[in-house]
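The values are calculated or read from the model by the stated rules, or taken from the named source; none is laboratory data. For clarity, every value in this text was computed on a predicted model and none was experimentally measured. Quick reminder, even Gly has a Cβ in these numbers, built from the backbone with ideal geometry, and neighbours come from all protein chains shown. Heavy atoms of the whole protein, side chains included, go into the accessibility calculation; ligands, DNA and RNA do not. Shrake-Rupley method; radii C 1.70, N 1.55, O 1.52, S 1.80 Å.
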Amino acid sequence: MNNQKQQKPTLSGQRFKTRKRDEKERFDPTQFQDCIIQGLNETGNDLEAVAKFLDASGAKLDYRRYAETLFDILVAGGMLAPGGTLADDVIRTNVCVFSAQEDLETMQAFAQVFNKLIRRYKYLEKGFEDEVKKLLLFLKGFSESERNKLAMLTGILLANGNLSASILNSLYNENLVKEGVSAAFAVKLFKSWINEKDINAVAASLRKVNMDNRLMQYSPLLAAFTTQGQSELTLLLKIQEYCYDNIHFMKSFQKIVVLFYKAEVLSEEPILKWYKDAHVAKGKSVFLEQMKKFVEWLKNAEEESESETEEGD
């Protein structure tokens, strides 16, 4: 009798191991990836056809199990390795966000593809949110153009309610912040978001997840988009004070100002006024030195523009 009792856990353990092995073997995203990519390549760049293909494929393929693979393909063209890279030997498609044109209209069309897919298969909401959080952590692994497209797309999806503003927590990654990647991405994202919704709607979404105060304390880059009626010169002064109070940003002041200039948040007149006499004492010598070359470039560009105008007259 004792021998019989001792045999039971051994037999049970063997059956358990077999079940785990079989379960692991059944999880193979390669075949799923091949099916999705083949179908996308057949649709071409017709995004309405893409949406219809994805809708129909959900009845045949296991979207629930392979949600990460599905969204990797739709964004990057194939399964992403850790860090955000695509291996050279991985099968891929050009029918994806990263291979699309870098403009707002195209990203709006892609946002509709995601919107239709998630509305059709509601269980994909959580997987999609997890995917975006992961992509934000992978930003350094993408090219500047890919980051810009992802930023515009994310802003549109936030405006449409397809994502919660809580995903922005991923931008607080220390390496992304130190290297200025978070700031550049945030400017593009918020500009896209505000293009779809007014500033009050954006602020309300941030308050809903208790992120409004944290974002405004984090950086004037984000505060700029959640503070209504703020002048450009006031924004510049806030940036100066923030960079002075946060040592990690002391060397990034010029990069931040240029970033805002390129994003058309700051224009040349307030920048030149700040440089001449509107700056505050905090970090004055460091920041003026950083801005010297850019200010000279602005002045030369302004003089050339005036010269061309006079010649035209």
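Values as computed for the structure displayed
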{"read-out": "Whole-angstrom gap from region 51-106 to region 133-175, using each part's C-alpha centre", "value": "16 Å"}
{"read-out": "Accessible area in square angstrom per residue, region 85-137, 1.4 angstrom probe", "value": "53 Å²"}
{"read-out": "With every protein chain in place, region 34-188: carbon and sulfur % of accessible area (1.4 Å)", "value": "45 percent"}
{"read-out": "Links that overshoot a 22 Å alpha carbon limit, given the list LYS273/LYS299; LYS140/LYS282; LYS140/LYS292; LYS262/LYS292", "value": "LYS140/LYS282; LYS140/LYS292"}
{"read-out": "R0 of 25 Å, Cβ-Cβ distance ARG64-SER164: FRET efficiency to nearest 0.05", "value": "0.80"}
